[in-house]
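Structure first, then comments.
The values are calculated or read from the model by the stated rules, or taken from the named source; none is laboratory data. Only a predicted model underlies this, so the values are computations on that prediction, with no experimental measurement involved. Here the Cβ positions follow ideal geometry from the backbone for every residue, glycine too, while neighbour counts run over all protein chains shown. Surface accessibility is based on the protein's heavy atoms, side chains included, excluding ligands, DNA and RNA. Shrake-Rupley method; radii C 1.70, N 1.55, O 1.52, S 1.80 Å.
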Amino acid sequence: MTTLTDPPKESFRLSMLIYDTRYRSATIQVVAMLGFMLLAAWLINNTAQNLNALGKPIDFGFLGESAGYDINQRLIDYSSRSSHMRAAFVGLLNTLVVAVLGCLTATVLGIIIGVLRLSKNWLIARIMTVYVEMFRNVPVLLWIVFLMAILIETLPPPNAFRGENATATMVLSDSVAFTNRGVYVPEPLFSRSLGDLHLFGESAVRFDISLDLVVVLIALIGGIIGARMVKKRADRIQEATGDRPTTWYLVLGLIAVPTIIVMAALGFHLGYPALKGFNFQGGTHMRNSLIALWLALSLYTAAFIAENVRAGILAISKGQTEAAGALGLRPSRIMRLVVLPQALRVIIPPLISQYLNLTKNSSLAIAVGYMDITGTLGGITMNQTGRELECILMLMLVYLVISLTISFVMNWYNESVKLRER
Amino acid sequence: MKKSVFLGALTVAGLAAGAAAAGTLDDVKARGKLNCGVTTGLVGFAAPDANGTWDGFDVGICRAVAAAVLGDPTAVEFVPTTGKTRFTALASGEIDVLARNTTWTFSRDVDLKFDFVGVNYYDGQGFMVPKALGVSSAKDLDGATVCIQTGTTTELNLADFFRSNNISYEPVPIETNAEAQQQYLAGACDVYTTDASGLAATRATFEDPAAHIVLPEIISKEPLGPLVRHGDNEWGDVVRWALNALIAAEELGITSANIAELSAGTNNPEINRILGTEGTLGEMLGLSPDWAKNAIMAGGNYGELFEKNIGASTPIGLSRGLNAQWTDGGLLYTPPFR
């Protein structure tokens, strides 16, 4: 005889939250969470109360007031009558400029140095080791200040270019001037300009985009897509017949001709800088502060990226290189076609944090007087309005958004180069 | 992540709590040291000498306050601040008093919640250019590159001046006076602008001061004075009257040379009240009776401090001008000690 008994139905009792292992960890987590939230609430409340007692309640109204100060490097229209919000936006764009320039240069330099560090040439490999160790082990702030000092002390001031017996001359047939106030290079101008596209009306984040630039870019991108199609067709013919048709003149023509035609139609010409009054006028002025910051951040971060690249390449087993060699590929092709595509998967995740580091390090800009968002919103605006907490909170938010955006884009790219497992 | 948020919030709360604390006078007495905010180095006003001892006109105010409160002019912890960090340092309680060529303005007094206790130097903003530039007026500076200390009123005056004269300029923002000097001397900027006294002090340190001129235009009023946090009136009174004691001492002829003799008692009741031999002024402030005597003995009266640090006999060579006693046609005028 068998008796089937149901397991006793256990009713839930409150004590089980502690004594039953099934619920215990959840209980502890809920209690810890509540404690944390209480603490956070107390801190926020305490801060708000103290600020109130000090007569400085949190208020973002100052952002609409007139800033009253001038900014030297501005990508958009701005004057001392513009609002603090506008000044912050000018600063934000300056931060983005140096971050983008820095990331691009650091990547290119980092890959070259990382690959060269593994070179079989003893001298080159050692020089690269010295470079990496030198830049990696000295704080980036020192590099920024050092480069700035070099630029200021070694390059001639603009008035050295003046007069009959000038001690300095412009280079590249009088088109580029290296001065200790920055580098003046020719600027692209369009005599039959299409004008600007005005975005966001009259708000603080209004923004003009040059339609000329847009049109030229469209022509260039169209040319590149056309060149890709030519290349794909060549691939198909090669697969089918074994012979690859010569395409380089087609590719070159497709990329260059439409762009040149568009530029000619718009009346493209260069505006050269010329010494007028105290400074060079005309041309594009790349200020010392931008150059010093950009170079220092790129050189510093490139040392780290070089190490990532080296690690990525070493992670690919030697058998791959040997197999490719056995197939008769040349060393440069082995690197480009076999090793680097696989190494990228190892390189990209740490590369993301290097990009984030570079962007955040750009807040050291004030050391050389580069007006990034820390210099405008977190510097002059904060100082003139006395709104420390508001400004710092906004700054933190801005850097958080920039960093998360970089992470998002790079993670998406990482997904796309990831090893597809079937 | 959670931990960093927590620590960040704790810092903010700590900052706010520090700012709200009152009773600076008791804090200073308990600490036995005055925390005084000064510049990062401006010869004549506040700069460390070869032995690392701070010296200068603003430093003299710090020492006078320390002597009045603690009886010891050396019981000062000097905190170098930049134009940018000074207000945060004061608001957060890191320093008790800020004596750093700071201009008394409406918004700093009212909106930033500070109290200016008086004026120790009446100044105005000027421009310095190399003589070789051949400029004789600030209105000729169209298109010039101007070095300027960031976070100062000079920044705003400069923008207003160039705007109202409808001329353009290129600002080069700089953190400290030393960096400005480096850039100016290297020719990275054509003009250096700050308060005229600061220009004179900076020029005095140049290898060839005669090669640089200060342009005649003074484009602003810059009453410079020490300041304290708003809302702690007892402490504000102490600093205010320590400064007034120095000014009154000059007016009444109390100098560091004759102070010992005068404190034996004189026929002038006001001198007696200041020096503590008559009345209870010190007690009213919560200080010892000889507070003002100590303050004056720390570095001499206002006139002595001026002559020793920035006066005509020093390399900086500033004349008294507006900073003479009201009896000599200047603006220095202290309320009576009564």
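If R0 is taken as 22 Å, the Cβ-Cβ distance between A:L217 and A:S191 corresponds to a FRET efficiency of 0.70.
Rounded, prolate or oblate for the stretch A:23-93? Axes are the square roots of the Cα gyration tensor eigenvalues, ordered a ≥ b ≥ c, and the cut-off for rounded is a/c under 1.5. The shape class here is oblate. Per-residue packing, averaged as other Cβ atoms within 10 Å, sorts the ranges A:255-268, A:283-296, A:22-35 into the order A:283-296, A:255-268, A:22-35, beginning with the highest. Taking all protein chains as shown and a probe of 1.4 angstrom, A:I224 keeps an accessible surface of around 80 Å². Across the protein chains, with a 1.4 Å probe defining accessible surface, the residues B:R203, A:R117 rank B:R203, A:R117 from largest area downward. Placing unit charges on the Cβ atoms of the charged side chains and taking the dipole of the protein assembly as shown about its Cα centre, the candidate lying farthest along the positive direction among B:A138, A:A41, B:L318 is A:A41.
Which one, B:G124, B:V79, B:T102, projects farthest toward the positive side of the charge dipole computed for the stretch B:74-126 from Cβ point charges (K/R +1, D/E -1)? Highest projection toward the positive end goes to B:G124.
Helical content of chain A, expressed as a calculated mean residue ellipticity at 222 nm, amounts to -20000 deg cm²/dmol (DSSP H runs of 4 or more residues, -39,500 (n - 2.57) each, divided by residue number, nearest 500).
The mean number of Cβ atoms from other chains found within 10 Å of a Cβ in peptide A:43-50 is 5, as a whole number. With an a/c value of 1.5 or above and a/b not larger than b/c for the gyration tensor axes a ≥ b ≥ c computed over the alpha-carbon atoms, the stretch A:1-156 is described as oblate. Between amide H atoms placed 1.01 Å from N, distances below 5 Å from A:A67 occur with A:S82, A:S83, A:H84, all of them 5 or more places distant or on a separate chain. Computed over chain B with a Gaussian network model linking Cα atoms closer than 10 Å, the most mobile of B:G265, B:G44, B:G52 is B:G52. Counting Cβ atoms of other protein chains within 10 Å of each residue's Cβ and taking the mean over peptide A:149-156 gives 3.
Once the 1.4 Å probe is applied to the protein heavy atoms, the stretch B:124-222 comes out at 35 Å² accessible per residue. Summing Cβ point charges (Lys, Arg +1; Asp, Glu -1) relative to the Cα centre of the stretch B:124-222 gives a dipole of roughly 200 debye. Counting only protein heavy atoms and rolling a 1.4 Å probe, how much accessible area do A and B lose on contact, total for both sides, in Å² to 100? Its buried surface, counting both partners, is about 3700 Å².
So for chain A, what are the equivalent ellipsoid semi-axes in whole Å, largest first, each being the square root of 5 times an eigenvalue of the Cα gyration tensor? Mind showing how you got there, number by number?
Numbers: eigenvalues 428, 310, 122 Å².
Calculated on Cα positions only, the semi-axes equal 46, 39, 25 Å.
Beta bridges assigned by DSSP with both partners in the protein assembly as shown are antiparallel in approximately 70 percent of cases.
Both radii were evaluated on the Cα set of the stretch A:123-247; the Rg over Rh quotient, with Rh as the Kirkwood radius, amounts to 1.17. Per residue in the stretch B:152-166, which ones lose no less than 10 Å² of accessible surface when going from chain alone to all protein chains (1.4 Å probe)? For the stretch B:152-166, once contacts with the other chains are taken into account, B:E155, B:L156, B:A159, B:D160, B:R163 lose 10 Å² or more.
Could you give the dipole magnitude of the stretch A:129-236 about its Cα centre, charging the beta-carbon of Lys and Arg +1 and that of Asp and Glu -1, in debye to the nearest 20?
Computed about the Cα centre, the dipole is about 700 debye.
Heavy-atom accessible surface of A:H198, to the nearest 10 Å², is about 130 Å², with a 1.4 Å probe and all protein chains retained.
The packing ranking, built from the mean of other Cβ atoms within 10 Å per residue, places the peptides A:230-241, B:308-319, B:271-282 in the order B:271-282, B:308-319, A:230-241, highest first. Check every DSSP H run in chain B and write down those whose alpha carbon atoms cover 15 angstrom or more along the long axis and whose mean Kyte-Doolittle hydropathy is -1.0 or greater. Length and hydropathy pass: B:2-20, B:57-70, B:153-164, B:233-252. Taking a span of 18 Å or more along the helix axis (Cα atoms) and a mean Kyte-Doolittle hydropathy of at least -0.5 as the rule, the DSSP H helices of chain A that qualify are A:21-53, A:84-117, A:122-136, A:140-154, A:211-241, A:248-265, A:288-314, A:340-361, A:388-417.
The alpha-carbon atoms of the protein assembly as shown define a convex hull whose volume equals 278 cubic angstrom per residue. When the Cα positions of B:A30, B:N166, B:P223 are compared along the charge dipole of the protein assembly as shown, B:N166 comes out farthest toward the positive end, with charges on each C-beta of Lys, Arg, Asp and Glu. Diffusion coefficient (Stokes-Einstein, Kirkwood radius over C-alpha pairs, 37 °C, 0.692 mPa s) for the stretch B:124-222: 249 µm²/s, rounded to a whole number. In this Cβ point-charge picture (+1 for Lys and Arg, -1 for Asp and Glu), the protein assembly as shown has a dipole of about 4260 debye about its Cα centre. Here the simple spin-label model places points 7 Å from the Cα toward Cβ, and for A:A311 and A:S79 these points are separated by 5.2 nm. Cys residues of chain B that find no other Cys beta carbon under 4.7 Å: none at all.
Globularity index of chain B is 1.05 (Cα radius of gyration / 2.2 N^0.38 Å, N = number of residues).
Could you tell me what percent of the accessible area of the protein assembly as shown is made up of carbon and sulfur, with a 1.4 Å probe and every protein chain present?
Carbon with sulfur: 62 percent of the solvent-accessible area.
Mean partner shielding of peptide B:168-176, defined as the number of other chain Cβ atoms within 10 Å of each residue Cβ, is 6. Its residue count N sets the reference 2.2 N^0.38 Å, and the alpha-carbon radius of gyration of the stretch A:288-422 equals 1.44 times that reference. Distances between placed amide hydrogens fall under 5 Å for B:G330 paired with B:A324, B:Q325, all partners being 5 or more residues away or on another chain.
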